[in-house]
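Have a look at the structure that comes next, please.
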Amino acid sequence: MTTRTSLVSTEQLAAMLGDPLLRLYDCTTYTEPVLDLQGEFSDTSARQLFMMPGVAQLEAAFGRYGLDASRTIVLYSIGTMMWATRFWWMLRSLGLDAQVLDGGFDKWKSEGRPVETGAPKGYPATTFNAAQRAGFFVDKNTVMARIGDPATVIVNALGPQFHRGLEPSRYGRPGRIPGSVNVPAATLVDGADKTLTSLADAEAKFAAQGITRDKNVICYCGGGISATIDLFLLTQLGFDKLTLYDASMGEWARETALPIETD
């Protein structure tokens, strides 16, 4: 079983504070975030929120915030780790392997560790040169073509009630992409301290849904955010045939030409 090289504990981060190469970012999108996922880090021309923008836009945006490959990048968020894992996935697709704080700001604060208030100081701007990696994001056409493919498993990270189509969906039609399996992101996180579950537990949950290392794995959710928790853990487990359906149910449920499945 692989080591969680992309995960940093609160203890490890505390020891890193003061390192001149450390770049620490709050990725939360609903409490005046340092990194604005809904604005400069998204394609604002798209119908869906949070869609991955072009590389040039991201190079400029990340550079403004002082990110480049020579720094130690640590990402965290508040309330849920999914905002940090979304940025982690985006940066990984651009060739930069950042780290994510396990438990985020919630765990950090609960342990009485030091906090700052007021406007963030910010970091000096840098030149961020992306080394784009292919295959990190797919569109509806790719997903449609993979339905029923025995070499592919499509994974829904939403809760079981939404996966089964038992509750109305704010994304449009209730239900799931046909043939997809369900590993809710919420089941991969400890509800008490917001930390990720153990690798052994995560592997068992994925294996129970037929998600094995030989399969091409497409993850989705509502808007391409919570599914990155699944992708984060799959990456830590050594899976390497991974991709994200970026538009997720925000697109699929609204387009009536696309098939949908319910229980």
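Return the pairs, sorted by first residue and then second, in which the second residue is in a helix (DSSP H, G or I) and basic (K, R), the first residue lies in the range 225-243 and is within 22 Å of T29 (Cα to Cα), the beta carbons are less than 7 Å apart, and the residues are 6+ apart or on different chains.
These pairs meet every condition: I225/R86; T228/R86.
In addition: Is it fair to say S248 is at pLDDT 95 or above, under 19 Å from M81 (Cα atoms) and hydroxyl-bearing (S, T, Y)? Working first, answer last.
Numbers: at pLDDT 95 or above: yes; under 19 Å from M81 (Cα atoms): yes; hydroxyl-bearing (S, T, Y): yes.
In short, yes.
Which residue out of S169, S180 is over 20 Å from the mean Cα position of the chain (by Cα) and among the hydroxyl-bearing types (S, T, Y)?
After applying the criteria, what remains is S169.
Taking the stated definitions as given, is I147 under 21 Å from F239 (Cα atoms), more than 20 Å from the chain's Cα centre (by Cα) and among the β-branched types (V, I, T)? Step through it out loud before you land on a result.
Values: under 21 Å from F239 (Cα atoms): yes; more than 20 Å from the chain's Cα centre (by Cα): yes; among the β-branched types (V, I, T): yes.
When the stated conditions are applied, I147 passes them.
Quick check on the range 185-197: of everything there that is out of contact with any strand residue (DSSP E or B) (no Cβ under 8 Å at 6 or more places or on another chain) and under 19 Å from W88 (Cα atoms), which residue is least open to solvent (accessible area, probe 1.4 Å)?
Just the residues of the range 185-197 that are out of contact with any strand residue (DSSP E or B) (no Cβ under 8 Å at 6 or more places or on another chain), to begin with: 185-187, 191-194.
From what's left, under 19 Å from W88 (Cα atoms): 185-186, 194.
On the way: A185: 6, A186: 82, K194: 62 Å².
By that ranking, first place goes to A185.
Within the range 209-226, is even one residue buried (at least 17 other Cβ atoms within 10 Å of the Cβ), in a helix (DSSP H, G or I) and of a type in the set (A, V, I, L, M, F, W, C)? Break it down stepwise before answering.
Within the range 209-226, the first condition is being buried (at least 17 other Cβ atoms within 10 Å of the Cβ), and the residues that meet it are 211, 215, 217-226.
Those left that are additionally in a helix (DSSP H, G or I): none.
No: zero hits.
For Y30, are the conditions met, namely being among the hydroxyl-bearing types (S, T, Y), in contact with a Phe, Trp or Tyr (Cβ under 8 Å, 6 or more places away or on another chain) and open to solvent by 40 Å² or more (accessible area, probe 1.4 Å)?
Considered against the rule, which asks whether it is among the hydroxyl-bearing types (S, T, Y), in contact with a Phe, Trp or Tyr (Cβ under 8 Å, 6 or more places away or on another chain) and open to solvent by 40 Å² or more (accessible area, probe 1.4 Å), Y30 comes out as no.
Can you name the helices (runs of 4 or more DSSP H) wholly within the range 36-152 that have at least 1 residues being open to solvent by less than 30 Å² (accessible area, probe 1.4 Å) and touching a strand residue (DSSP E or B) at 6+ places or on another chain (Cβ under 9 Å)?
On the way: elements: 55-64, 82-93, 104-110, 140-146.
Passing ranges, in order: 82-93, 104-110, 140-146.
From the set of residues in the range 37-60 that are of a type outside the set (A, V, I, L, M) and in contact (Cβ under 8 Å) with a residue 60 or more places away in the chain, which is farthest from D26 (Cα to Cα)? First the steps, then the outcome.
Step one: list which residues in the range 37-60 are of a type outside the set (A, V, I, L, M), which gives 38-45, 47-48, 50, 53-54, 57, 59.
Narrowing further to those that are in contact (Cβ under 8 Å) with a residue 60 or more places away in the chain: 47-48, 50, 59.
On the way: R47: 25, Q48: 23, F50: 16, E59: 18 Å.
Here the answer is R47.
Residue pairs, Cβ under 6 Å, 6 or more apart or interchain, first in the range 96-121 and at negative phi and aliphatic (A, V, I, L, M), second open to solvent by 40 Å² or more (accessible area, probe 1.4 Å) and part of a loop (DSSP other than H, G, I, E, B). List them.
Pairs found: L96/A69.
The values are calculated or read from the model by the stated rules, or taken from the named source; none is laboratory data. Quick caveat: nothing in here was measured; it's all calculated off a predicted structure. Here the Cβ is made from the backbone with ideal geometry for all residues, glycine too, and neighbour counts use every protein chain on show. Accessible surface areas use protein heavy atoms only, side chains included; no ligands, DNA or RNA. Shrake-Rupley method; radii C 1.70, N 1.55, O 1.52, S 1.80 Å.
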